[in-house]
Structures are given as C-alpha cells and as structure tokens.
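Let me begin by presenting the structure, written as structure tokens, before commenting on it.
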Amino acid sequence: MKKIQISPSILSADFSQLGEDIKRLEKSGADMIHVDVMDGHFVPNLTIGPPVIKSLRKYTSLPFDVHLMIDPVHKYIKDYSDAGADIITFHPEATKNTQETINLINSLSKKVGISLNPDTEINIAEEYLDKIDLILIMSVYPGFGGQKFINRVIKKIVELDKIRSQRKLNFKIEIDGGINFETSKIAIDAGVDILVSGTTVFKENNGDLKKNIKILKQI
Ligand code: DX5
Ligand code: ZN
C-alpha cells in the first residue's frame, strides 16, 4: 500500500501558541504543515501573512505547505517564499497567467501546487500537470475549517489519478476540507497521496494528535 502523508492545517490550532502546536504536530508524525492564507476577498475569511509564517519557521524543520487563498496572488509569491514556504499552492482564478506564476515559484526553487475549488473543473489545470508538484483538490468551499466534505469532488481525484498514470506524470494529489476518519478512506481509495486535516487532527480523541494522525494515515 502506498504511504499516505498528512498535512495538518494550523487553522484549527491554538493561535495564541502556534509555534508550540507546530512542534507538537512534528512530534506526532505530521509530514508537513498546512498553512491556510486567506485575504478576506478571494475567500470570506482572513488569516495570517508572511511575518507570522516567518516567525513560525524556527519551530520545525517540516516543510511548510502554504495554501494561498488570495487574489491577486502573483505579486505576493516572493514574500511567501522568503517567509519560509516550501510548497506554494495557488488557485488559477487568482492569477492572470497561470504559467507565469508557476515559473515564478519554480525560479524561487519552491514546489508548485495548483488548487481546484469544488466547482472548478480539471481542464483549467490539465495543461500544467507536467509542470507542477501537486494538485490540491478542495472538498469544501475554501474559507473555513470544520465544513462538511463534498462527495462529488471524488470523481475529479479518480480522473486525475487516471491521467497521472496514463501520461506517466509525478504530481501528488492532495485533498483539503472535511477530512475525517471516514472521508479519508474514500479519498485514499480514489487516489489521494496527501490529506489536509484541521478539525479531525486537532479535535478528535480529545486532541490526541498522534492518535488522529495515525488513524488518518491508516498505519
Ligand atoms: C479551508 C482550508 C482548509 C481547512 C481544513 O479553506 O483550506 O485547509 O482548514 O479544515 P478541516 O479539516 O476542518 O475541514
Ligand atoms: Zn487549505
């Protein structure tokens, strides 16, 4: 069985002690740290920006998986790179030129991700699949943690997994939103490699991070 990676979203962490929560995630078996950046415009919520990410960098050596829900996104890429992002994921709707934004992230030697909202079809990303490191499938409408998993996005994962093997490509498939102990299995069966989880990791089993990560990874 392939190895599933977990990218816990710090959106569900305690914002008064983010550094400590990140250290606990590392000790509990997280593979990377999912950082949700929201601008109150592309999505109806506001979170953190580069200075906070920079200050968190020293708490872990795990990769920072930075999910940018900001529009326009292109002009801020370098700031997130400088702040310590390792993977930079953007939504194609938020840039004038997807290829240029991919090139910029590559030129900064960071991994590139493209994110698809529940209503965004695969074809918007299809021509870039050989140029990116991951595709982030949103299984909720971005903006908030704790929402219900949208089942219909599963068919996009099946389709992407098929394209990946047919075209012998290497991008990872990551899923974000409403992942719990049941939906994680559905997503993994469909072809997902990386699970993002906020609520389940931080709140299930009285916040036992290690246990929750273990169950999600199916180990
Ligand atoms: C939603 C964010 C998600 C969210 C996931 O806009 O992109 O990363 O925090 O949270 P849960 O796991 O609670 O759905
Ligand atoms: Zn996210």
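The sole residue among 129, 104 that is away from ligand 2 (no atom under 16 Å from the Cβ), crowded, with 19+ Cβ neighbours inside 10 Å and not in a strand (DSSP E or B) is 104.
Among the residues of the stretch 81-124, those identified as touching a Leu at 6+ places or on another chain (Cβ under 6 Å) and among the hydroxyl-bearing types (Ser, Thr, Tyr) are 81, 89, 115.
Name the residues in the stretch 182-214 that are away from ligand 1 (no atom under 13 Å from the Cβ), crowded, with 19+ Cβ neighbours inside 10 Å and farther than 18 Å from residue 134 by Cβ, would you? Listed by number, the list holds a single entry, 209.
Only one of the listed residues (77, 70) is touching a Phe, Trp or Tyr at 6+ places or on another chain (Cβ under 6 Å) and surrounded by 17 or more Cβ atoms within 10 Å (Cβ to Cβ). That residue is 70. Looking at 179, 163, 135, 154, just one residue is within 17 Å of residue 191 (Cα to Cα), hydrophobic (A, V, I, L, M, F, W, C) and in contact with a Gly (Cβ under 8 Å, 6 or more places away or on another chain), and that residue is 135.
For the condition within 15 Å of the chain's Cα centre (by Cα) and within 12 Å of ligand 2 (Cβ to nearest atom), what is the one hit in 196, 192?
Working: 192 fails: within 12 Å of ligand 2 (Cβ to nearest atom).
Answer to the selection: 196.
Considering the stretch 135-149, and only residues there that are assigned to a loop (DSSP other than H, G, I, E, B) and open to solvent by less than 60 Å² (accessible area, probe 1.4 Å), the residue that is farthest from ligand 2 (Cβ to nearest atom) turns out to be 149. Summed over the stretch 14-38, residues that are open to solvent by 10 Å² or more (accessible area, probe 1.4 Å), away from ligand 2 (no atom under 13 Å from the Cβ) and either closer than 17 Å to residue 146 by Cα or touching a Ser or Thr at 6+ places or on another chain (Cβ under 6 Å) (or both) total 3.
The values are calculated or read from the model by the stated rules, or taken from the named source; none is laboratory data. Only a predicted model underlies this, so the values are computations on that prediction, with no experimental measurement involved. Methodologically, a virtual Cβ is constructed for each residue, glycine included, from the backbone with ideal geometry; neighbour enumeration extends over all protein chains shown. Just so you know, the surface numbers come from the protein's heavy atoms only, side chains and all, with ligands and any DNA or RNA stripped out. Shrake-Rupley method; radii C 1.70, N 1.55, O 1.52, S 1.80 Å.
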